[in-house]
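As structure tokens, the structure follows; a few thoughts come after it.
Throughout, read-outs are computed from the coordinates displayed, never taken from laboratory work. All values derive from a computational prediction rather than experimental measurement. We place every Cβ from the backbone using ideal geometry, glycine too, and count neighbours over all the protein chains shown.
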Amino acid sequence: MKLKQSPFLHVVPMDDEYVALYNSLNLEVAFLKRDFVERCQQGQMFTGSDAISERILEQLKKLGFLIEEQADGYELYRSYQKALEEPAINILYLLLSDACNIRCRYCYFLAPMPRGYRPSLMKKETAVKALDLFARCVKRSVARGHPEQHVVIYGGEPMLNKEVLLEVLQYIDSLKAKRLLPRSLSVTVNTNGILIDEEILGQCKATGAVVAISIDGPKEVHDQMRVYSSGRGTFDEVIRSYRLAQQSGVKTGVCVTIDRHNLFRMKETVRWLADELGAKGMGFNILIENAVGQTAGERDHYAEVVAQELIESFKVARAIGVYEDRMMRRVKNFLDKEPVLSDCGGCGLQMVVSPDGKIGVCQAFCGGKEFFVAEPFETFEPESHPFWKQWRRRSPLNTEACKTCVALGNCGGGCPYNAYRASGTIDALDERFCAHAKATTHFLIRDLWDKQKEKQVANKQ
């Protein structure tokens with residue numbers, strides 16, 4: 001039997017003696033001696049010269065590194081493409097307010113808002129209709145095999161609309177009790193933390209909602225960017241609220257926004273969050289800028305530095321037992337051999353409702369309302385709308401330039417909003433994200449190699 005390389009096979013050097021074989025589509029990894037691989041690669045076809053090499057080649061075929069001579073190797077690839085044809089809504093973003101009580105210097109809400117824009121608060125009736133629509137979507141999503149559903153209460157600052165926030169939490173609980181939403185559905189309230197009070201915390205605890213508070217690091221780091229309109233920092237108020245949430249027994253998470261002001265303090269921030277706040281979990285929100293006046297090379301270098309700092313920060317988090325969401329999602333997919341079809345829930349999996357009742361794909365477009373529609377909640381079906389179909393198709397697996405990339409199956413394509421800002425279309429690559437995806441993939445392979453070597457050493461002792 002003659003075999004040939006899979007079109008998704010990558011050979012990654014480990015040391016002078018070993019290489020990793022990596023299938024970028026099914027995420028399988030095997031470590032083999034370099035000389036064996038090189039001998040096999042001398043010809044395009046692989047045939048065993050003895051019983052041992054035959055067994056090795058057969059195993060490499062089972063893992064998807066080698067395929068039969070007549071096969072094209074794209075069967076699995078096409079099946080993933082087919083899965084990207086239809087949206088399946090399992091995430092709802094409720095923007096209870098597009099107003100905010102602070103003025104973070106990097107906030108995406110500051111720049112894209114059109115002239116004359118006036119922030120508003122969502123009415124209870126809008127929230128109820130949005131949740132009823134979401135319940136109908138979830139029923140179909142569950143039937144199609146999507147096991148996880150989420151509601152994210154967002155803004156602006158959602159706690160500026162406290163009355164509706166409390167009513168939303170109650171209404172979600174009532175839909176769960178009626179089995180119109182799954183009991184397992186998670187609810188997260190994203191907040192800057194300043195307006196948290198005992199009434200809100202009591203309702204969050206009663207309903208199991210997670211409160212995710214934005215904290216960018218120690219006081220001198222946080223107060224550089226997360227400020228009031230006067231320029232005064234918000235750190236003291238935020239930490240007061242965080243500790244109040246902890247004392248109340250509410251599930252509490254931390255969101256850390258990263259840009260140039262705190263990029264090189266990420267590792268320090270992880271340790272500080274664990275030591276000073278007792279944080280067990282956190283998530284980095286990475287802002288990869290397309291800074292005016294920078295050359296393409298300068299922007300690429302910055303993206304590479306961001307990628308490396310994120311990896312090093314993850315190592316610190318792992319060592320001290322802190323869950324870092326961005327990297328851990330990649331680790332889980334890698335270990336479970338489940339390719340990341342899209343990096344963003346907006347890619348056919350989510351629905352966003354703005355304070356004025358418009359329904360959209362991505363909260364980042366709330367200002368100009370690109371990819372938002374004004375449709376009756378009672379009859380609207382996002383899964384069949386062209387916007388949601390277009391966004392669902394956005395994936396490295398539908399991008400010709402990504403086919404041969406080592407990060408194909410562990411990427412997801414980055415941020416559609418960043419791509420849109422840079423090129424005018426969501427279908428373009430989020431090129432700054434490419435550096436992160438490639439660096440993460442190489443790290444995961446190397447990390448697995450290091451773990452296997454450590455295990456071998458331990459077994460010999």
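Cα axis of helix 266-277 to longest principal axis of the chain: angle in degrees, 0 to 90, nearest 10? Rounded to the nearest ten degrees, it is 50. Against the chain, whose longest principal axis comes from its Cα atoms, helix 162-177 is set at around 60 degrees. Evaluated with a Cβ-only charge set (Lys, Arg +1; Asp, Glu -1), the chain carries a dipole of roughly 700 debye about its Cα centre, given to the nearest 20. Close amide H contacts of V151 (hydrogens built in the peptide plane, cut-off under 5 Å, sequence separation of 5 or more or a different chain): L92, S186, V187, T188. Ordering A212, M225, Q59 by the projection of their Cα atoms onto the charge dipole of the chain, which places +1 on the Cβ of Lys and Arg and -1 on the Cβ of Asp and Glu, puts A212 at the extreme positive end.
Restricting segment 64-110 to trypsin sites (Lys or Arg not before Pro) that sit in a DSSP loop and have at most 14 other Cβ atoms within 10 Å of their own Cβ leaves R105. Once you reduce segment 423-461 and segment 62-95 to the center of their Cα atoms, the two points are 20 Å from each other. Applying 1/(1 + (r/R0)^6) with R0 = 30 Å to the Cβ-Cβ distance of L287 and S230 gives a FRET efficiency near 0.80.
Below 8 Å, C-alpha to C-alpha, sequence gap of six or more: please give me the relative contact order for segment 186-257 in percent. Contact order relative to length: 41 percent.
When I56, I213 are arranged by Cβ crowding within 10 Å, least crowded first, meaning fewest neighbours, the order is I56, I213.
Between G360 and V352, V353, S354, V373, the built amide H atoms are under 5 Å apart, and every one of these is 5 or more places off in sequence or on another chain. Residues K33, K176, K267, ranked from the fewest to the most other C-beta atoms within 10 Å, line up as K33, K267, K176. A straight line joining the Cα centroids of segment 244-277 and segment 160-222 runs 18 Å.
Each Lys or Arg adds one and each Asp or Glu takes one away; over the other residues whose Cβ falls under 12 Å from the Cβ of G193, this sums to -2.
Using θ = phi - 60° in the Karplus curve 6.51 cos²θ - 1.76 cosθ + 1.60, the 3J(HN,Hα) couplings for segment 388-402 round to 5, 5, 4, 5, 5, 6, 6, 6, x, 6, 10, 10, 4, 5, 8 Hz; x is entered for Gly and Pro.
Amide H contacts of L66 (H built 1.01 Å from N, in plane; Pro and chain starts excluded): S6, K61 sit under 5 Å, all sequence-distant by 5 or more or on other chains. Considering only L175, A83, F371, the residue lying farthest towards the positive end of the dipole of the chain is L175, judged by Cα position with unit charges set on Cβ. Counting beta carbons within 10 Å around each of I200, I311, I286 and listing the fewest first gives the order I311, I286, I200.
The string of couplings for segment 322-336 from the Karplus curve (6.51, -1.76, 1.60, θ = phi - 60°) is 9, 7, 10, 5, 4, 6, 5, 4, 5, 4, 4, 4, 5, 6, 7 Hz, one whole number per residue in order, with x for Gly and Pro. Counting only alpha carbon atoms, the long axis of helix 198-207 and the longest principal axis of the chain meet at about 50°.
Summing +1 for each Lys or Arg and -1 for each Asp or Glu among the other residues whose beta-carbon sits under 14 angstrom from that of I445 gives +2. To the nearest 0.05, what FRET efficiency results for K280 and K358 with a Förster distance of 41 Å applied to their C-beta separation? After rounding to 0.05, the efficiency reads 0.65.
As a ratio to 2.2 N^0.38 Å, the alpha-carbon radius of gyration for the chain is 1.06. Can you tell which of H150, T425, M14 lies farthest toward the positive end of the dipole of the chain, using +1 and -1 charges on the Cβ of basic and acidic side chains (Lys, Arg; Asp, Glu)? Value computed over the given set: H150. Entry note, the chain: relative contact order of 17 percent, from Cα contacts under 8 Å with a spacing of 6+ residues. Relative to one another, the C-alpha centroids of segment 136-159 and segment 348-365 are positioned 12 Å apart.
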